[in-house]
Structures are given as C-alpha cells and as structure tokens.
Amino acid sequence: MMTNENVGLGLTQNLLQNAVDNGAECIGTLCPLCHMNLETYQDSVNKKFQTNYKMPILYFTQLLGLAFGFSRERLGINEEMIPSRRVLERYVEARV
C-alpha cells in the first residue's frame, strides 16, 4: 500500500475475492501488516472495485486462543473494524 496503492488495493481485492469464492467467512493471519491491509483497506477496495466486502480479519493467535478456551475479551476480539461476532457465534459458541 505504501509504495503503490493501486497495486496494493488490487492484491487485497484478489485475496478477499479468493476467500469469498472459497466459502471463507473470515481470514486468519499471522502478519500484522497483512492484517492491517486486509482489515483497514476493505472500504478502499470496496470503493475502487465496487464490491461489498465485510470480511472479518483475525490473528491466528486469536483463533488459537479461542480453540484453547480463552475469552474473547482476553484475546481482544470484538475490537476489530469488521465485527467477527456473526462468524464466531455460529462456529465457536455452537460447539460449547
């Protein structure tokens, strides 16, 4: 995004579309820069490509923490720009 925003937006759009095409309801990432690009720039991608992505982006460690039974609050979940509540309620809380 820093060196060529158009290329960055295009790559972000490709990742988001690939996730949607493959049935993903959220994306887990390890990299803070990837997390920022995927979450923060979704509005810019939506404007540029006339899409309507609202894909929650979570860190892999947050997903791992959920699997180990840590609370959302302890993991910083529900503080993201694109809420993950809908996905987590369906998949994580359904198994309790």
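All of the numbers you see were taken from the coordinates with simple rules; none came from a lab. None of the values given here were measured: they were computed from a predicted structure. Counting neighbours? That spans all protein chains shown, and the Cβs are built from the backbone with ideal geometry, glycine included.
As a test of the formula, what do you get for the chain when each DSSP H run with n ≥ 4 contributes -39,500 (n - 2.57) and the sum is divided by the residue count, at 222 nm and rounded to the nearest 500 deg cm²/dmol? So the calculated ellipticity at 222 nm is -15500 deg cm²/dmol.
Computed over neighbours whose Cβ is under 13 Å from that of residue 51, the net charge equals +1, Lys and Arg +1, Asp and Glu -1.
3J(HN,Hα) along the range 75-88, derived from phi through the Karplus expression 6.51 cos²θ - 1.76 cosθ + 1.60 where θ = phi - 60°, amounts to 8, x, 7, 5, 10, 6, 5, 10, x, 9, 3, 4, 5, 5 Hz, with x in place of Gly and Pro. Taking amide H as placed 1.01 Å from N in the peptide plane, residue 59 has its amide H under 5 Å from the amide H of 29, each at least 5 places away in sequence or on another chain.
Helix 5-21 and the long axis of the chain differ in direction by around 50°, with both axes built from C-alpha atoms.
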